[in-house]
Amino acid sequence: MTVVKENANEILINYLNEHGIKQNFIAQKMGISNPTFSSRLHGRLKFDADFAVAVSKALGINADIFLK
């Protein structure tokens, strides 16, 4: 069973755009490479619950935005 919303990556893309946050900034904050972050953001790698929690911590927001 997947606990992440189907459109979690779109939610994250919109959040970053609305707040003027660069992908590279969040990737560095999370301790992952920009290509890895981008791959999860654009669906080449799975946007799973662990990633949802990690990115929400880096952004200082509630992970519920990405979870069902």
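Coordinate-derived values only; no laboratory data. Fair warning: this is a prediction, and the values are worked out from it, not measured in the lab. A quick note on method: Cβ atoms are made from the backbone with ideal geometry, for glycine too, and the neighbour counts reach across all protein chains shown.
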task: Pop the C-beta distance of Ile21 and Lys46 into the FRET formula with R0 = 30 Å and round what comes out to the nearest 0.05.
output: 0.85
field: Estimated dipole of the chain in Debye, rounded to 20 [Cβ of Lys and Arg +1, of Asp and Glu -1, Cα centre]
entry: 180 debye
- line: Pseudo-spin-label distance Val53 to Thr36, built 7 Å along Cα→Cβ, given in nm, is 1.7 nm
query: How would you order 4-10, 50-56 from highest to lowest mean count of nearby Cβ atoms within 10 Å?
result: 50-56, 4-10
query: Can you tell which of Leu16, Gly31, Ile61 lies farthest toward the positive end of the dipole of the chain, using +1 and -1 charges on the Cβ of basic and acidic side chains (Lys, Arg; Asp, Glu)?
result: Gly31
field: Shape category assigned to region 1-40 from the gyration tensor of Cα positions, a/c cut at 1.5
entry: oblate
